[in-house]
Amino acid sequence: MSSSSHRRGLFLYLITSLFLFLFFPATSTPAQEDHRPTIRFVRNPDPAPEFKLPSLDGKPLTLTDSRGKVVLLNFWATWCGPCRAEIPDLVELQNRYPDRLQIIGLVVDADDPVTVKNFVNESGINYPVALATIDIRMQYGGIAALPTSFVLDGQGRVVQKHEGLRNPALYEAEIRSLLGLPIGNVRVETFEDTGEVFLKHADRASQLPGVDLSKLTPQQRNVALHRFNAETCTCGCKFTLAQCRIYDHGCPISGGTTAKIIAEVAAAPSEVAAPASAPANSTPSTSTESDSPASPPHPPPFPR
């Protein structure tokens, strides 16, 4: 390692340590307890979809090969500014936990492998990188934003998903927690995946982005949610209305259609019940967590 790389690594270590000290104190008073930073993991996580891809260096790349390690599966592109900005932090994390963490970069670029490989070499990326196929991207929910990172535990289960640029201190707190290492005074909560990690679980959601169910009775809410999960959005995404609202918060088609359904349900006689054909899991689940599990998980207040 060059002296400049060593200095950068030391600097990042000191900065992250300072973050952990300031925001993860070793002790807290009862009055401070509610304000502690919180990391959240899926309560009953699903296995990550397996794949087998040739990495840019020609070696086969699978999730099975990383079983027993915490995995940070990072979907990114060379043209994505936030993706490029987080690369040095990911490199440092991989350096810090070389035997217990495996970062894997899956590129969604349309560039040829040689161009991507040159970028990887110039960026000093020290973890395996491969080109993600469309099939893999769809198995992981379509990847609506870049970067998108999935956090996997040692058993290969997806315990969290992050969209956009995040502070490396958040990733490190999650990694250390999954490895059973000290994380200071961080609170760890669990939540049920209602579509924010995998779209297939959207039928568990009791709330959806940009959908106002507040004026409906509990019975009407069940009817509306059933329709959201039974009807397909016509925007071309091939998802249900519920999945489209989670996948693309700004879609005007699913937004308008769900609003129309809510108006129809609200105007219907109050004795109307949910269709008998409604699947058992279409009834919204409840959570004992203080946070609404249907809302996208919010990271603790790490400084940016």
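The values are calculated or read from the model by the stated rules, or taken from the named source; none is laboratory data. Being a predicted model, the structure only gives us computed values, none of them experimental. Because the Cβ atoms are built from the backbone with ideal geometry, glycine has one as well, and the counts that use them run over all protein chains shown.
Only one of the numbered conditions (1) closer than 27 Å to residue 136 by Cα; (2) touching a Ser or Thr at 6+ places or on another chain (Cβ under 8 Å); (3) in the same structural domain as residue 47 (by TED's automatic domain parsing); (4) polar (S, T, N, Q) is not met by residue 185, and that is (1). Going by the conditions given, is residue 240 within 30 Å of residue 169 (Cα to Cα), of a type in the set (S, T, N, Q), outside the structural domain of residue 163 (by TED's automatic domain parsing) and modelled with pLDDT under 95? No.
Of the strands (runs of 3 or more DSSP E) contained entirely in the range 94-212, those carrying at least 1 residues that are in contact with a Phe, Trp or Tyr (Cβ under 9 Å, 6 or more places away or on another chain), within 30 Å of residue 227 (Cβ to Cβ) and among the hydroxyl-bearing types (Ser, Thr, Tyr) fall at 148-152, 187-191. Can we say residue 234 is modelled with pLDDT of 65 or more, β-branched (Val, Ile, Thr), over 30 Å from residue 165 (Cα atoms) and within 26 Å of the chain's Cα centre (by Cα)? Yes; evaluated as a whole, the condition is true for this residue. Does residue 45 satisfy the criteria of being in the same structural domain as residue 125 (by TED's automatic domain parsing), out of contact with any Gly (no Cβ under 7 Å at 6 or more places or on another chain) and surrounded by fewer than 19 Cβ atoms within 10 Å (Cβ to Cβ)? No; evaluated as a whole, the condition is false for this residue. Residues of the range 150-168 that are surrounded by fewer than 20 Cβ atoms within 10 Å (Cβ to Cβ) and either over 19 Å from residue 85 (Cβ atoms) or in contact with a strand residue (DSSP E or B) (Cβ under 7 Å, 6 or more places away or on another chain) (or both): 154, 155, 156, 157, 161, 163. Scanning the range 201-223 for any residue that is closer than 21 Å to residue 140 by Cα, of a type outside the set (Val, Ile, Thr), at pLDDT 90 or above and touching a strand residue (DSSP E or B) at 6+ places or on another chain (Cβ under 9 Å) turns up at least one such residue. Take the range 18-54 and flag every residue that is at pLDDT 90 or above and among the hydroxyl-bearing types (Ser, Thr, Tyr). Answer for the range 18-54, where residues must be at pLDDT 90 or above and among the hydroxyl-bearing types (Ser, Thr, Tyr): just 38.
Across the range 52-78, the qualifying residues are those that are out of contact with any Leu (no Cβ under 9 Å at 6 or more places or on another chain) and not basic (Lys, Arg), and the one among them that is surrounded by the most Cβ atoms within 10 Å (Cβ to Cβ) is 78.
Restricting the first member to the range 152-171 and to residues that are within 13 Å of residue 90 (Cβ to Cβ), and the second to residues that are among the basic types (Lys, Arg), the beta-carbon pairs closer than 7 Å and six or more apart or on different chains are 167/304. Report whether or not residue 221 is in contact with a helix residue (DSSP H, G or I) (Cβ under 8 Å, 6 or more places away or on another chain) and not small (Gly, Ala, Ser). No. Go through (1) modelled with pLDDT of 50 or more; (2) not in a loop (DSSP other than H, G, I, E, B) for residue 281 and report which single condition fails. Result: residue 281 passes all but (1).
Looking across the range 79-101 at every residue that is out of contact with any Lys or Arg (no Cβ under 7 Å at 6 or more places or on another chain) and either among the charged types (D, E, K, R) or not assigned by TED's automatic domain parsing to the domain that holds residue 167 (or both), the one that is surrounded by the fewest Cβ atoms within 10 Å (Cβ to Cβ) is identified as 99.
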